[in-house]
Amino acid sequence: MKTRRWAAWFVGMVVGLMTPFTGVSAGVFDQLPVVRKTVETYKTVGGRPLTLDLYFPSNHNPKVDRRAAMVFIHGGGWGTGNPDMFAPHSRYFASRGLVAMTVQYRLTKQPGVTVFHCIADVRSCLRWIRSHAGELGVATNRIAAAGDSAGGHLAACLGLIEGLDESGEDTSVSARPDAMILYNPVIDTTLPDGWNMARFGGKAGAAVANRAREFSPIDHVHAGAPPTLVIHGTADTVTPIAWSERFVKAMQDAGNPIEFTKLDGRKHAFVIPFCSDEASVREALERTWRFLADRGWTSPSPQP
């Protein structure tokens, strides 16, 4: 467990240090076709705007197009990280025809912020996307939530847990994604087998440890969940692959469509270039593309 704590801290620290260097990439991200980027504010909390970075294909025409969309949610233990860590992935998918996005959410290193605020923020983001789908040129029924580690946890919360909303928000607009793509997710936040919020979540985690089951995705699996792809490295010591194995079985038992890819020998954060290698990143991206293509969201080949 000590290894898990320090590994999580190290990944979060690296992500924070690399934030300004948005050009850092694996070879798979080199020389991508040009895409168009905009930044939108999806919510303001306490006078602070929370933003969504949107990446559009160069030939995208929102007046007539209704494209599938992917919302990337960064990891970092809910307390560190930055949307820029998924900027290369967003450019990759946008250059191949999707509308891709990276979302900013409140972090638990900020005073008074807990995991519940992180969940409320990504729910607000999904509602904003659906409410503005017409002007964005996005299909309201083809929005995927993708994330790694704590970001995978938040993506899973979107697909499985209802009711953890921002106070006063219009809940008539669905915050549920139409697919979940989970890279080495924190999928269990309950003891004795899951993530120990009191021990590894800092003060913000300890403050909500007695409510951990409320935001533990594996404890909220139910029939009718969105189609899901889980990719996990067999050598992950931060979020053990056993968590995903139990989650996949629970989803299967509930009759939900789920696909599970085990990456032999891969460690935590295999989808993040500066924490991994090009082969791992490329394999994760290609597997993600096939998952979307199998559902008719994209063309069969991930080529520009």
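The values are calculated or read from the model by the stated rules, or taken from the named source; none is laboratory data. None of these values were measured; they are calculated from a predicted model. Cβ sites come from the backbone with ideal geometry, for glycine too, and all protein chains shown count toward neighbours.
Things to note:
- When ARG176 is tested against (1) surrounded by 21 or more Cβ atoms within 10 Å (Cβ to Cβ); (2) touching a Pro at 6+ places or on another chain (Cβ under 9 Å); (3) in a loop (DSSP other than H, G, I, E, B), only condition (1) is not met.
- So GLY194, is it part of a loop (DSSP other than H, G, I, E, B), modelled with pLDDT under 95 and either within 15 Å of the chain's Cα centre (by Cα) or more than 30 Å from ALA139 (Cβ to Cβ) (or both): yes
- Residue satisfying all of: in the range 89-117; more than 16 Å from ILE73 (Cβ to Cβ) and without any contact (Cβ under 8 Å) to a residue 40 or more places away in the chain; nearest to the chain's Cα centre (by Cα) among these: GLN110
- Residues of the range 197-225 satisfying the condition of being in contact with a helix residue (DSSP H, G or I) (Cβ under 8 Å, 6 or more places away or on another chain), surrounded by fewer than 17 Cβ atoms within 10 Å (Cβ to Cβ) and in a loop (DSSP other than H, G, I, E, B): HIS222
- Flag for ALA155 being touching a residue at least 40 places away in the same chain (Cβ under 8 Å), buried (at least 24 other Cβ atoms within 10 Å of the Cβ) and not charged (D, E, K, R): yes
- Unmet criterion (only one of (1) over 17 Å from the mean Cα position of the chain (by Cα); (2) of a type outside the set (S, T, N, Q); (3) surrounded by 20 or more Cβ atoms within 10 Å (Cβ to Cβ)) for ASP277: (3)
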